[in-house]
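Quick notes on the structure that follows.
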Amino acid sequence: MDTKVKNIDVNNIDYDIIAQAGEVLRDGGLVAFPTETVYGLGANALDESASAKIYQAKGRPSDNPLIIHICEISALDKIVDEIPETAQKLVQKFWPGPLTMIFKKKSIVPYGITGGLDTVAVRMPDSKIALELIKAGGGYIAAPSANTSGRPSPTKATHVIEDLSGKVEMVIDGGMVGIGIESTIVDVTSEIPMILRPGYINKEMLEEIVGKVSIDRTILFDGEIEEKPKAPGMKYKHYAPTGDLTIIEGKQENVVSKTNKLVSEKVRDGYKTGVICTDETLKYYNDGIVKSIGTREDELSISHNLYDVLRQFDDLGVEYIFSESFEHGSMGMAIMNRLLKAAGHKIIHV
Ligand code: TXA
Ligand code: MG
C-alpha cells in the first residue's frame, strides 16, 4: 500500500486534506494523526473490520482494547451505557484533554475493539487537527498510539512513518506533539474512580474535582507482583528501545559516578553506549553518546522528549543505555512508569 503523507498547519488547517482523510476513515481505512499526547492510528470505531486493520498494522495482540476518540461531549451517549456523576465532573473539567475514561459500553460498540470487555475507553483529545478529523471521519475513531506494538509511542510523524509506512492509507503530519506521553486512563465504573495508567493529569488534579481516587496497584510496583494490570495494555513490555536500558537511581553525585563507570566499561568492551541525562547534569558525563532529555525544572520538557530520545538511540544503533531517574512529582509517576517499562524494570539504586 502507498502511504500518503500530508502536512497540516494547525494554525491554518487545510480542510481539503481533512475531507480526504475523513473519507479514508469512512471507507474503512487507516489514518494516523497527531493528538496533544502522542500520534494515534485511527479507524472507524463502529466498523469492526476497519478496526481489525489497526491490530494488523501495529502487530497488536487482539485482547488489548482500543480507545474511542470523539469530538463532542454529546457523542458519549450513543456508545456508553451510563455516565456516572464522577465522570460528568471529569468531562466538564478535563475534556477536551489528555484524559481517557472507562465506561460500560452500549451494544453498538463492537467487542472487536474492546478486547471482548463490556467496557469501553473514551477520550476527547485537545488537538484541533484531531477533532476536525474525528468529525470528518464520522465521529467515532478508535485510535491506539501509532507505533508498532512494543516500540516507543510516536511523538513526530517521522516516527509513525518509520513504523507504519506501507501499512496505512494516510499519515497527517501536524508537527511534534506537546505532552509526549499517553493520556491518563481512569476507570469511572467503580464508585471510587481508579487510575489505570498515569499521565499528565495526575491523582491530585483528579481528586480536586471528584474526591478520593485510587490507583491500580500494579502501576506502583516494579513489575514484581502477580496481579494483572486492569488496563490490558499495561501488562506488555512497552515503549522499549532496541538497546538494553537500565535506570540509575540515587543521589545525583552517586548516579553520575556509577553511570560514568558503567558507560566506560561498556565502551571499553566495544559496545555503542548512550546516556539519558538532564540539562542540569549534561556536563558531568564524559563517555558514550550523551543526550539531555529536558530540564528538571519543567517535567513537561521531559515527557515531551522521552520517546524521541529513545528512538534516537535506536537510530544510532546504541546497544546499552543508562538513564537518570526522575522524581515522583506531579507528572513524575507517569514518566517513571514509562521509563521503567522501557527498561523492563531494570533499576540500580546507588
Ligand atoms: O494518549 C492516548 O491515550 C493515545 C492517543 C492516540 O489518544 N492513545 C493510546 O492508546 O495510548 P493505546 O491503545 O496505545 O493505549 C490504550 C490503553 C491500553 O493500555 C488498553 O489496554 C487500555 O487503554 N484500555 C482500552 N480500553 C480499555 C478498557 N475497556 N478497560 C481497561 N483498559 C482499557
Ligand atoms: Mg500504545
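The values are calculated or read from the model by the stated rules, or taken from the named source; none is laboratory data. Keep in mind it's a predicted model, so treat the numbers as computed, not measured. Every residue, glycine as well, gets a Cβ built from its backbone with ideal geometry; the counts of neighbours run over all protein chains shown.
Side notes on the structure shown:
- With respect to the conditions (1) under 30 Å from LEU306 (Cα atoms); (2) of a type outside the set (Asp, Glu); (3) touching a residue at least 12 places away in the same chain (Cβ under 8 Å); (4) not in a strand (DSSP E or B), ILE68 falls short on a single one, namely (4).
Residues checked against (1) more than 9 Å from ligand 1 (Cβ to nearest atom); (2) out of contact with any Ser or Thr (no Cβ under 6 Å at 6 or more places or on another chain); (3) in a strand (DSSP E or B); (4) in contact (Cβ under 8 Å) with a residue 60 or more places away in the chain:
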| position | (1), (2), (3), (4) |
| --- | --- |
| ALA75 | yes, yes, no, yes |
| GLN88 | yes, yes, no, no |
| ILE102 | no, no, yes, yes |
| GLY116 | yes, yes, no, no |
| PRO125 | no, no, no, yes |
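- Top-ranked residue of the range 24-42 - restricted to ones that are charged (D, E, K, R) and touching a residue at least 60 places away in the same chain (Cβ under 8 Å), ranked as surrounded by the fewest Cβ atoms within 10 Å (Cβ to Cβ): ARG26
- Residue in the range 163-187 that is surrounded by the most Cβ atoms within 10 Å (Cβ to Cβ), counting only those that are among the hydrophobic types (A, V, I, L, M, F, W, C) and assigned to a loop (DSSP other than H, G, I, E, B): ILE181
- Checking the stated criteria, GLU191 turns out to be away from ligand 2 (no atom under 16 Å from the Cβ), more than 24 Å from TYR15 (Cα to Cα) and touching a Ser or Thr at 6+ places or on another chain (Cβ under 9 Å).
- Selection of the range 169-218 for residues being of a type in the set (Lys, Arg) and more than 10 Å from ligand 1 (Cβ to nearest atom) yields LYS203, LYS212, ARG217.
- Residues located in the range 128-162, provided they are surrounded by fewer than 21 Cβ atoms within 10 Å (Cβ to Cβ), within 13 Å of ligand 1 (Cβ to nearest atom) and not hydrophobic (A, V, I, L, M, F, W, C): THR148, SER149, GLY150
- Subset of the range 44-68 (residues that are among the charged types (D, E, K, R) and in contact with a Gly (Cβ under 8 Å, 6 or more places away or on another chain)): ASP47, GLU48, LYS53, ASP63
- Verdict on ALA19 being farther than 23 Å from ILE185 by Cβ, aliphatic (A, V, I, L, M) and either touching a helix residue (DSSP H, G or I) at 6+ places or on another chain (Cβ under 7 Å) or modelled with pLDDT under 95 (or both): yes
- Candidates are the residues of the range 37-48 that are assigned to a loop (DSSP other than H, G, I, E, B), near ligand 1 (Cβ under 8 Å from one of its atoms) and of a type outside the set (A, V, I, L, M); the one that is nearest to the chain's Cα centre (by Cα) is THR37.
- Considering residues of the range 202-235 that are over 20 Å from GLY97 (Cβ atoms) and at pLDDT 95 or above only, the residue surrounded by the most Cβ atoms within 10 Å (Cβ to Cβ): SER214
- Count of the range 125-160 residues which are among the polar types (S, T, N, Q) and more than 9 Å from ligand 2 (Cβ to nearest atom): 4
- Taken together, ASN286, ASN305 contain a single residue that is crowded, with 17+ Cβ neighbours inside 10 Å and either of a type outside the set (D, E, K, R) or free of Cβ contacts under 8 Å to residues at least 60 places away in the same chain (or both), which is ASN305.
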